[in-house]
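Heads up: the structure comes next, in C-alpha cells.
The values are calculated or read from the model by the stated rules, or taken from the named source; none is laboratory data. Not measured: the values here are computed from a predicted model. Don't worry about glycine lacking a Cβ; one is built from the backbone with ideal geometry, like all the others, and counts go over all protein chains shown. Quick note on the areas: whole protein, heavy atoms, side chains included, nothing else; ligands and nucleic acids left out. Shrake-Rupley method; radii C 1.70, N 1.55, O 1.52, S 1.80 Å.
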Amino acid sequence: MLRDVEGMSRADAYRLLTQVVVPRPIAWVLTDSGPDAAERWNLAPFSYFTALASEPALVGFSVGSGRDGAVKDTLANVLARPDHTVMVPHRGQLEEVQRTSEVLPHGRSELADAGLTAVAWEWPTPRVAGVRVALGCRLERTVDLGPGQVLVVARVHRAWLDDAVATEDRPGSQVVDAGRLDPLARLGTGGYAGLGPVLHPTGDAGWRPT
C-alpha cells in the first residue's frame, strides 16, 4: 500500500500520521484565561508533544486551529499570558484527559467540567491534583507550521515530581521510575495506551548524555 501524502487532504494526512507515529506522549496543558474570565483555568491535552532541548530546557507542543479555523483557547492564552503548566497524565486519568479534549464555550473551565481540582505550587499557574509530573513553563516562541498549525515552544523553569515516582541518585539529579509514572499515550482513531514493560538492551550501562 503506497500513499501520496503530499496529495492528501489535511484530514487524511492527520489520520495517517496519528496512526503510524505511535505511541505519542500527551501534554496536558493548563493555561490562564485571565482574571476576568468566568472560570479562569483552561486545560487541554495535546499529543503532538516532545522535549526539544536541555540547555535551555525546552518542550514543544503543536496546537491546531479549532472549529471554523478559530484560534484555540490554549494558544490565545499563552500568547496573552505566557506562564503555563505542562503535565504528563497517567493511565488512571484517561477519562479526564478525554473529557478535557472536548470543546467548551469560551470562558468555561475544563477543570470544573471534568471534576478536576487545581493545586497551587511554586508557579503562577496551578497543576492538576493527581498528576505525577508538572512542568512550570513560559512561552519562548511560536512557530507557524502551516495552515492552522502552530508549534508552541516553551522553556521549563520549574518541575514538580511526585515523590512516589522520583528519587535523587545525587543532589540535584533525579531518577524517575517510568513504571510508576505510568504515562498515558495517544494512538490513532481515538485510542490510548499505557506503558508496557520497560526494556533495556543487553549490556546496557544505563543512561548517558549524547
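Assorted remarks:
- The stretch 1-67 and the stretch 141-196 have their alpha-carbon centroids 13 Å apart.
- For the chain, fraction of C-alpha pairs farther apart than 23 Å, in %: 49 percent
- With N counted as the residues of the stretch 1-57, its alpha-carbon radius of gyration over 2.2 N^0.38 Å works out to 1.66.
- Of the GluC sites (Glu not before Pro) found in the stretch 81-160, the ones in coil according to DSSP and having at most 13 other Cβ atoms within 10 Å of their Cβ are Glu102, Glu122.
- Kirkwood-based Rg to Rh ratio, the stretch 91-210, C-alpha trace: 0.99
- Our summary gives the chain a relative contact order of 23 percent, counting only alpha carbon pairs under 8 angstrom and 6 or more residues apart.
- For the chain, the per residue solvent-accessible surface stands at 59 Å², with DNA, RNA and ligands left out and a 1.4 Å probe.
- Computed log10 I(q)/I(0) for the stretch 1-121 at 0.21 Å⁻¹: -1.34, from the Debye equation with unit scatterers placed on every C-alpha and solvent omitted.
- Column: log10 I(q)/I(0), Debye, Cα scatterers of the stretch 113-162, q = 0.19, 0.29, 0.31 Å⁻¹: -0.75, -1.03, -1.11
- Portion, in percent, of the accessible area of the chain that falls on carbon or sulfur, probe 1.4 Å: 53 percent
- Compactness relative to 2.2 N^0.38 Å, alpha carbon Rg of the stretch 68-129: 1.18
- Under-5 Å amide H pairs with Leu145, H placed in peptide plane, nonlocal only: Val150, Leu151
- Length-normalised contact order for the stretch 118-178 - Cα pairs under 8 Å, 6+ apart - percent: 25 percent
- Of the chymotrypsin sites (Phe, Trp or Tyr not before Pro) found in the stretch 1-91, not one falls in a DSSP loop while having at most 14 other beta-carbon atoms within 10 Å.
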